[in-house]
Amino acid sequence: MSAPELTPLTLDELAAEAATALPTKEVISLLDLNVDLDLGLDLAAPIDLAVAANANVAAPIDAAVGANILSTGSTAAALSDQGVLIDQAISGHAIATAPQDSAIDQSNDMIDGGTTDPGTTDPGTTGGGTTDGDVSVPTDPASMLDGDLLNVDVKVALDTDLAAPVAGAVAANANVAAPIDAAVSANVASVDSSATAISQQDAIITQHLDDVTAEATADQQAEITQ
């Protein structure tokens, strides 16, 4: 019994296979944020950072890709064979030291005259209702679902001194090995085609950390006047 003869698709038939766009979705705002700030800020952030590292990194990568797109009677094959032998050894010292001496004076509180009164707020009026102090109480529960789900109206006047002296130290000894073997094969919109992908990996990894030291020291002295 003979196999039925397959007729390849014509260019017109392929063009007729068109996608249909989904209808547009209505997008609503979940967050309505209105912030009016009048700030007088003294900011100080002295940062001292030391990093020391001993590292061996190996990343052998073997990749093969084969593809048939809009093809008839074709074959795509990808073969990726990888053999890896990795021997990593570290013998040494990683030392990180971050001494920090900070003298911060933020005692000058002279700022430009602000235009925002921190004691006044704009009570919300969404949904109607009575006003109790700075809080609007809606009289119609259904109106609570109207408009944005979260409506925030903030008016703030600040005179702030901020100081954040940071001292950090990082020390590391590391062996990293990442052998990667990949094979990809694909047939797209093809007739009587074959796609084969074979990925075989043999990896032997030996990692040693002998007589190593990782020391991190962060010494901080900060004198702050606000």
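The values are calculated or read from the model by the stated rules, or taken from the named source; none is laboratory data. No experiment lies behind these values; they were computed from the predicted model shown. Backbone-built Cβ (ideal geometry, glycine too); neighbour counts: all protein chains shown. Note: areas computed on protein heavy atoms with side chains; ligands, DNA, RNA excluded. Shrake-Rupley method; radii C 1.70, N 1.55, O 1.52, S 1.80 Å.
Structure values in brief
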item: Protein accessible area in the stretch 157-226, 1.4 Å probe - carbon and sulfur %; result: 48
item: Listed peptides 180-186, 52-58 by packing density, highest first (mean Cβ within 10 Å); result: 180-186, 52-58
item: Potential lengthening between ALA222 and ILE180 on full extension [0.36 nm per residue; Cα-Cα distance subtracted]; result: 10.3 nm
item: ³J(HN,Hα), Karplus 6.51/-1.76/1.60, whole Hz, each residue of the stretch 164-178, x for Gly, Pro; result: 9, x, 10, 10, x, 9, 10, 9, 8, 10, 8, 10, 10, 9, 9
item: Label-point gap, in nm, between THR7 and ALA89 - each point 7 angstrom along Cα→Cβ; result: 7.2
item: Distant-in-sequence amide H partners of GLN220 (H built 1.01 Å from N, under 5 Å); result: GLN100
item: Interchain or long-range residues, amide H under 5 Å from HIS93's placed H; result: THR213
item: Prolate/oblate/rounded label for the stretch 168-226 (Cα gyration tensor, a/c 1.5); result: oblate
item: GLN88 long-range amide H proximity, modeled H, under 5 Å; result: THR206, GLN207, HIS208
item: Within-12-Å neighbourhood charge of ALA98 [Cβ basis; K, R +1; D, E -1]; result: -4
item: Euclidean distance of C-alpha centroids, the stretch 47-90 and the stretch 160-211, integer Å; result: 8
